[in-house]
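Read-outs: derived from the displayed coordinates by stated rules, not from any lab. Note that this is a predicted model, so its numbers are computed, not measured. We place every Cβ from the backbone using ideal geometry, glycine too, and count neighbours over all the protein chains shown.
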Amino acid sequence: MWAALLMLLAVVQGLLVMLTVSFESSRAQDEAEAVALEVAGETKRQVTRGIQDLQPLTWPAITPLEWDVRAEQLLQSRRELLRLERRGPGGAISSLAESRYGPPLFTRLRRSDVEPEIDTACSLARRAAAPAFTRSYYVPFEGGTGVEVMDLCVPLLSEGRMTGFLVATWSLPQLLESALGAAPAGRHELSLVESDGSRLARAGTRRGVGVYVAERIVDLPARSLVLRADSSAGRPSLIPNLAVALVLGLSVALTVLALLLARDFRRRAQAEAALAEALAFRKAMEDSLSTGLRARDLDGRITYVNPAFCAMVGFPAEALLGTAVPPYWPAERVQEYTQRQAARLAPRAADEPASSPTRAGREGFETLFVRRDGERIPVMIYEAPLVDGNGVQTGWMSAVLDVTDQRRVEELSRQQQERLQASARLATVGEMASLLSHELNQPLAAIASYASASLNMLEQPDAHTPGLLREAMQRVGEQAERAGRVIRSVHDFVRRRDQHQEPVGCGALLDAVLPLVRLQARKSGARIELDLPEAVPAVRCDRTMVEQVLLNLARNGIQAMETATPLAQRVLRLGVRQRHARWVEFSVTDAGGGIGPEVAERLFTPFFSTRAEGMGLGLSLCRTVVEQHGGALEFESPVHAEHAPGSCPGTRFRFTLPTA
Amino acid sequence: MTLLDPSLGLPTVYIVDDEDVVRDALAWLLRSRRLLSEGFASAEAFEAAAEQRAEARAGDWPNAPACVLLDVRMPGMSGLALFERLIERGWLESLPVIFLTGHGDVPTAVAAVKRGAFDFVEKPFSNNALVDRVEQALLASAQALTQRRQHHDVAQRLADLTERERDVMQLVVTGRPNKLIADELNISVRTVEVHRARIFEKMGVKSAVELSNCLRSAGQEPV
């Protein structure tokens, strides 16, 4: 395409130059023609005037002296006339005058040599009774120069009779000069040529180049010459000509421009292709990322989200862009999130090292988003400042990771761990129960069998019966004793646990259970609030057992809020108070549905549970543990005597432990 | 116990339980109902004893009504494993098994009953109800034993018959008269009568109908 365009351009340029040149040439040719025409006309006029001037000399009555004087005058006024002769009818010269402006004519060439020419012309003139020119001939001078001349023969008539001839010699160069004096030839070389092409005389300031040549025939009496005008302007050369130069220069400039433009265009196209490729690459990268990307400006409004992020929260990009309070924030936490965002987006203090947000971003923080379908997803956010090309921070860029699966795994492992702990805890209860049932089952079954046997024997007594009965009763006694030993060993086992009591800080007790409680709370969307005054003394307790009590009560509380309580109200409060110099009270308060009177009655009964999967041992075990420490476990529901009708009554469990 | 034929021998209850107290208490209980019992502390011990006795009597064991009270859980070979051995041996019919189970083993015991165990009793058991079941088991054992004896007896009598007598017998049980039998076997009617009398004598029957019943009950269908 580019080649075609350049070719077209070249053709146009060529045509332009050609047109210019041909215009130039035709102008030069026209000029030459005009000059030739004018000079030819003038030459003719000069000759005619010259012939008129010769008239006085042809008068028959003129005296020889008078003829001489007039001839002399004429030769002075007309330089083209070189010599005047007056001849008789036979051709003999009677009078003669020669111009003083040039060297004498017939020195090297004798006059007699050209007599035949003059005779021819004179006979022609006599027959026509009008002047006639001879052919031109060359008269050489001394010194190598010479002049081309023509003789004019004018018949002298007197009363219709031929009396003689007047012969005038014309210098052709002078004739041309005088014609030029009247008609300026400009930049042309003018010459008189014979019809055979040989040049006779030339005039003009410049030399013709032979390119623009115009010829005109000059009709002279009985003879004609050709006047040729030859322009000094040669074949129009390109550069010196301004118009052509201009056109050429412009074309060259245009061509260069076109080339430059083409090169620029090609570079631009390459750059664009590279840019498009880079853009496509970036887009593909963003689209294929499983990490959500989100950009926010300094006001916290979202300026960009990638498809992974949209997929994560379930909203289309249009619904997110420009929002300062995005729809994926949980409704009850908007205020909290807004404050958090304000704190994070605030321009950092001057003394703070510049790297700190980056480090914070690397570490990331965890938060909760709500999908469009209402599902809550835990996410990990890594935030870094967004800096434009000028080094000015324009916002924040966040990488958002959906950690639902990770949490699920954590939750699973937590549940497993809890189950493990529960079974370990139940090992005490369950093992004891299993041990008891097995160990007691055997002796009791045996006793029952001996008793039945004894009764059977008494139905049909014989001589052996009393002895057998005695034996049977002995065995009953043995088995009863065995059962008693089993019971005692269980009692010993329970007593052994008392020795594990030690002083423990209340904070340490809470710290030990908090991770597990928080995990459970996160699963149910509940929040944990702590109420732990600094000045609470340490308590004396079996640490493991009391931790189990706290864990048990906290889990009960969280589970109580899972069904009826609105998400925003799900708060579990763990509190510690010193009630008395010797007693510290722990409390676990939930905002659940509370405990009805019929449930309250049986709350601490073993194997009573309101949950399908519950063993019903939790609370009774808790009470046993607390009472073993000398404390008491109580509860109140509703928490406040007069709770608002719409809200959940909630339950508070309290137990006391002795100070260390 | 009146239902039990004294000719079958003294009924015995085998108690297989790893707990001494249980074995002892059960023995007392059974004794108070006039039942003999024998205790084994493990499944292996019982299996060994049974093998030995069966060998001594050339496979004819148990030779008296018996049943097994079998604890499901025991150290070493379990009650269920032993039960499988008894099935393999073909002893189960004449040696019914009552499982003694703890509270966790009920599904296992139910499965065992489906495989042919006589019953299962959950510990702690109601004592005299257990003895009632034991007696029923012994009764079943006695019946099985009686049947087995009959089979054995018929098979032995059949073995005493000569070839000719067996041919005649096969025609006799079809109910044909002597004349037809004589024609068929190409012998005299007199000879048939002698054979018939000897057959009745050897088989301990008085009529052709009785002979047919005897053969059928012993599983020896006339050809």
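Of note:
- For the stretch B:68-223, the Kirkwood hydrodynamic radius comes to 19.0 Å, computed from all pairs of different C-alpha atoms.
- The packing ranking of peptides A:510-522, A:170-182, highest mean first, is A:170-182, A:510-522, where packing means the average number of other beta carbon atoms within 10 angstrom of each residue.
- Set of the stretch A:125-166 residues, backbone N closer than 18 Å to the point 7 Å along the Cα-Cβ line of residue A:61: A:156-161, A:163
- Quick note on the stretch B:161-217: its Rg to Rh ratio, both from C-alpha atoms and Rh being the Kirkwood radius, is 0.93.
- Inter-chain Cβ neighbour count for B:15-26, averaged per residue, equals 4 (cutoff 10 Å, partner chain atoms only).
- 20 °C / 1.002 mPa s Stokes-Einstein diffusion coefficient of the stretch A:502-658, Kirkwood radius on C-alpha pairs, µm²/s: 135 µm²/s
- Shown for A:101, A:337: other C-beta atoms within 10 Å of each C-beta, ranked fewest to most, produce the order A:101, A:337.
- Once the Cα atoms are used to define both axes, helix A:618-628 deviates from the longest principal axis of chain A by about 60 degrees.
- 0 to 90° range, to nearest 10: angle between helix A:2-54 axis and chain A longest Cα axis: 20 degrees
- Note on the protein assembly as shown: with charges restricted to the Cβ of Lys and Arg (+1) and Asp and Glu (-1), its dipole about the Cα centre is near 1980 debye.
- Sorted fewest first by neighbouring Cβ atoms within 10 angstrom, B:203, A:380, A:312, A:473 come out as A:473, A:380, B:203, A:312.
- Structural descriptor for chain B: relative contact order 17 percent, calculated from alpha carbon pairs under 8 angstrom and at least 6 residues apart.
- By the helix-only formula, in which each DSSP H run with n ≥ 4 contributes -39500 (n - 2.57) and the sum is divided by residues, chain B has a 222 nm mean residue ellipticity of -18000 deg cm²/dmol.
- Antiparallel bridges, percent of DSSP beta bridges restricted to chain A (to nearest 5): 95 percent
- Acute angle (nearest 10 degrees) that the helix B:127-160 long axis makes with the longest principal axis of chain B, alpha-carbon atoms: 30 degrees
- Ranking A:621, A:554, A:489 by how far each Cα lies toward the positive end of the dipole of the protein assembly as shown (charges on Cβ) leaves A:554 at the top.
- Calculated [θ] (222 nm, deg cm²/dmol) that DSSP helices of n ≥ 4 give over chain A, each run adding -39,500 (n - 2.57): -16000 deg cm²/dmol
- Cα-based Rg and Dmax for chain A, where Dmax is the largest Cα-Cα distance (Å): 70.7, 230
- The fraction of Cα-Cα pairs per 10 angstrom bin, counted from 0 for the stretch B:6-152, comes to 11, 46, 36, 7, 0 percent, rounded to whole percents.
- Shape index of the stretch A:25-121: Rg/Rh, with Rg the Cα radius of gyration and Rh the Kirkwood radius from the inverse mean 1/r over Cα pairs, equals 1.11.
- Per-residue mean of foreign Cβ neighbours for A:452-459 is 6 (Cβ atoms of other chains, 10 Å radius).
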